[in-house]
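A short write-up of the structure that comes next.
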Amino acid sequence: MTNPLDLSTEHLAALAAVAAVSASLCVAARRRPGRWTWLAGAVLGAVTAGAELAWIGWLVARGGWTPAAGLPLQLCDAGAFLAGAALWTRRRGLAELLWFWAMAGTLQGLLTPATGGPYPGFLWIQYYVAHGGIVASALFLVAGLGVTPRRGAALRAAGLTAAYAVVVGVVDAATGADYLYLRRPPLEPTLLDAIGRRLAAWRRWAARRRGREIGLKGPLSVGRPRVPNLRLRGSPSSWITQAGPLTPRQASP
């Protein structure tokens with residue numbers, strides 16, 4: 001399997017741009033909070049959601065839109081609209097769900113991109129604008145505006161994501177699509193593939209080590225003398241009488 005990380009110059013430049021925009025918004029919002037944050041959030045949300053709409057329009061214009069390939073049901077597709085809604089309303093529930101989707105899903109998409117087209121084509125630009133906008137929106141809300149997840153947010157986000165997966169699974173079954181990769185894993189290598197290989201290697205190492213331990217401890221544990229639990233009284237000369245005669249098992253070396 002190929003390396004999932006893209007170390008090309010254009011990819012690293014795109015990551016640097018996303019990091020710079022996110023850091024600038026967060027630092028400015030913390031140092032100078034005010035009405036401008038609403039305008040900045042509205043613009044960021046519009047750009048992020050607009051990038052997703054532009055992709056759908058591009059598919060329609062080229063005659064490539066189908067229910068199996070053009071619905072915005074992938075986690076990052078839906079996350080683009082979620083980012084817009086969270087920024088426009090600043091509802092904590094939306095911000096919480098966006099935070100977990102962005103950090104657990106979209107961030108991986110930025111690190112291991114599947115742009116669908118080369119630089120500097122439309123698909124390449126749209127991919128980084130949408131995915132970078134989702135991550136920047138989540139960071140702006142949580143780190144910049146202080147809309148932090150509440151206690152139990154991870155469990156609520158997991159429950160909502162599971163419910164969303166059920167709905168998407170029905171769409172997959174009806175259209176033959178593979179939204180959320182519920183039917184097949186993605187063709188492109190991801191960080192999960194690298195982590196899976198590491199875990200598999202660790203499990204093999206742990207199994208070999210456990211096998212060696214069993215192989216060493218097994219022979220040593222065979223034939224160990226069992227010492228009876230005796231409460232001896234009197235002088236040492238009378239202990240043998242109290243203990244009684246040794247059985248062949250106890251007398252073996």
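General observations
- Cβ-Cβ contacts under 7 Å between residues 6 or more apart (or on different chains), taken from a first residue in segment 125-154 that is more than 16 Å from ARG91 (Cβ to Cβ) to a second residue that is of a type in the set (Phe, Trp, Tyr) and surrounded by fewer than 23 Cβ atoms within 10 Å (Cβ to Cβ), are listed as GLN126/TRP55; ALA154/PHE100.
- Residues located in segment 75-108, provided they are among the small types (Gly, Ala, Ser) and under 22 Å from VAL166 (Cβ atoms): ALA78, GLY79, ALA80, ALA85, GLY93, ALA102, ALA104, GLY105
- Considering ALA80, ALA86, ALA102, the condition of being more than 21 Å from THR190 (Cβ to Cβ), of a type in the set (A, V, I, L, M), in a helix (DSSP H, G or I) and at pLDDT 95 or above is satisfied by ALA86 alone.
- Selection within segment 139-153 - under 20 Å from the mean Cα position of the chain (by Cα) and either of a type in the set (D, E, K, R) or assigned to a loop (DSSP other than H, G, I, E, B) (or both): THR148, PRO149, ARG150, ARG151, GLY152
- Check on ARG35, surrounded by 12 or more Cβ atoms within 10 Å (Cβ to Cβ) and either farther than 25 Å from LEU75 by Cβ or touching a strand residue (DSSP E or B) at 6+ places or on another chain (Cβ under 8 Å) (or both): no
- Residues located in segment 50-72, provided they are touching a residue at least 40 places away in the same chain (Cβ under 8 Å) and either assigned to a helix (DSSP H, G or I) or basic (Lys, Arg) (or both): ALA51, GLU52, ALA54, TRP55, TRP58
- Screening ALA23, ALA68 for residues that are among the small types (Gly, Ala, Ser), closer than 20 Å to TYR179 by Cα and surrounded by fewer than 20 Cβ atoms within 10 Å (Cβ to Cβ) leaves exactly one candidate, ALA68.
- Some residue of segment 29-45 being of a type outside the set (Phe, Trp, Tyr), part of a loop (DSSP other than H, G, I, E, B) and within 20 Å of VAL171 (Cα to Cα): no
- For segment 77-87, the count of residues that are aromatic (Phe, Trp, Tyr), farther than 30 Å from LEU7 by Cα and surrounded by fewer than 17 Cβ atoms within 10 Å (Cβ to Cβ) is zero.
- Contact map, segment 108-122: residues that are over 18 Å from ALA136 (Cα atoms) and surrounded by 12 or more Cβ atoms within 10 Å (Cβ to Cβ) paired with residues that are of a type in the set (A, V, I, L, M, F, W, C) and modelled with pLDDT of 90 or more, Cβ distance under 7 Å, separation 6+ or inter-chain. Pairs shown: THR115/LEU123; THR115/TRP124; GLY116/LEU123; GLY117/LEU123; GLY117/TRP124; PHE122/TRP58.
- All positions within segment 106-137 that are of a type in the set (Gly, Ala, Ser), part of a helix (DSSP H, G or I) and under 21 Å from LEU12 (Cβ atoms): GLY109, ALA130, GLY132, GLY133, ALA136
The values are calculated or read from the model by the stated rules, or taken from the named source; none is laboratory data. Predicted model only: the values in this text are computed from it and were never measured. A quick note on method: Cβ atoms are made from the backbone with ideal geometry, for glycine too, and the neighbour counts reach across all protein chains shown.
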